[in-house]
Amino acid sequence: MRDNLFSGPEPDPARDAGHQDAPARVGFFTDTSVCIGCKACEVACKEWNAIPEDGMSLTGMSYDNTGGLGASTWRHVAFVEQPVPAGRTELPVVEPDTRAEGEAADSGMRWLMSSDVCKHCTHAACLDVCPTGSLFRTEFGTVVVQEDICNGCGVCVPACPYGVIEQRPTDGRAFKCTLCYDRLGAGQEPACAKACPTESIQFGPLDELRERAALRVDQLHEAGVTEARLYGHEPDNGVGGDGAFFLLLDEPEVYGLPPDPVVTTRDLGAMWRHAGLAALSLAAGAALTFALPALTRTKGPR
């Protein structure tokens, strides 16, 4: 039995949630080095899950028309345009010797694309704080919101260290990626991974994806892309490892990701213990306040 159920290593979250015959945990590995920003994943996610549109207005700062994850955007492709940093390797789309006649030379800019999604954390604070049981851990190790049980309290929203889950303004209920739970039950892969034309989004058993991701990082390092690194893959990180992790070509903050996420309920047990001790101290102090005068009167001169 672990001392803290809210943090630390957790090899089998589905079994600990009560799924005794759970299959191998599955998840996403998103290789941003091959993402082309086509947004096929966004469209497939919306179509399969019947998610309402969430606006088509550009921010004026990017070609991105969705801006971020939300109740009606369960997959979001980030567009990051930046000058090629000094000493960094740019992945060329067209080799110099194959450039068409008259084609412009490299502009010194690069695009970083990344399809973001709910991380399906090993230690999911949104699930831990939900008062109605609307959020639950599936047999695949993923975290799903039951929209017919959600009462719109919004407690899960500030609990998420990634800012993923959000309430829909029309009715106040919370929504996020389900990792296509209905498709998994039918033996199919999630719609976003199915639609990805470059296999930037890869789906499968989490242990296999981690091995595949490590090999991909080594391959990029050998090719001179030394800035390639994994994000969210470590089982001993602040959320016990993500069910959806990423290969990035820059710091996490560049992609709008927290550099060192920690599950917000990590210290909940200790906080309750401290609160209990404080309550007992107050109760003891109040009892003494009333008991001392009575004892003084009893032992006083007659």
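The values are calculated or read from the model by the stated rules, or taken from the named source; none is laboratory data. Since this is a predicted model, take the numbers as computed values, not measurements. Glycine also receives a Cβ, built like all others from the backbone with ideal geometry; neighbour counts cover every protein chain displayed. In case anyone asks, the SASA skips ligands and DNA or RNA and just uses the protein heavy atoms, side chains included. Shrake-Rupley method; radii C 1.70, N 1.55, O 1.52, S 1.80 Å.
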Restricted to the stretch 139-167 and to residues being surrounded by fewer than 21 Cβ atoms within 10 Å (Cβ to Cβ), touching a residue at least 24 places away in the same chain (Cβ under 8 Å) and of a type in the set (Gly, Ala, Ser), the residue nearest to ALA17 (Cα to Cα) is ALA159
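Name every residue in the stretch 219-231 that is more than 12 Å from SER33 (Cβ to Cβ) and open to solvent by less than 80 Å² (accessible area, probe 1.4 Å), in order of residue number.
GLY224, TYR231
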Log entry, pairs with first residue in the stretch 246-264 being on the phi > 0 side of the Ramachandran plot, second being modelled with pLDDT under 95 and crowded, with 19+ Cβ neighbours inside 10 Å, beta carbons closer than 8 Å, six or more apart or on different chains, reads GLY256/ALA78
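Go through the stretch 255-265 and give me each residue that's assigned to a loop (DSSP other than H, G, I, E, B) and not charged (D, E, K, R).
GLY256, LEU257, PRO258, PRO259, PRO261, VAL262, VAL263, THR264, THR265
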When restricted to PHE136, PHE203, PHE175, the only residue of a type in the set (Phe, Trp, Tyr), out of contact with any Pro (no Cβ under 9 Å at 6 or more places or on another chain) and open to solvent by 30 Å² or more (accessible area, probe 1.4 Å) is PHE136
Taking the stretch 27-50 and keeping residues touching a residue at least 60 places away in the same chain (Cβ under 8 Å), open to solvent by 20 Å² or more (accessible area, probe 1.4 Å) and outside any helix (DSSP H, G or I) leaves CYS35, ILE36, CYS38
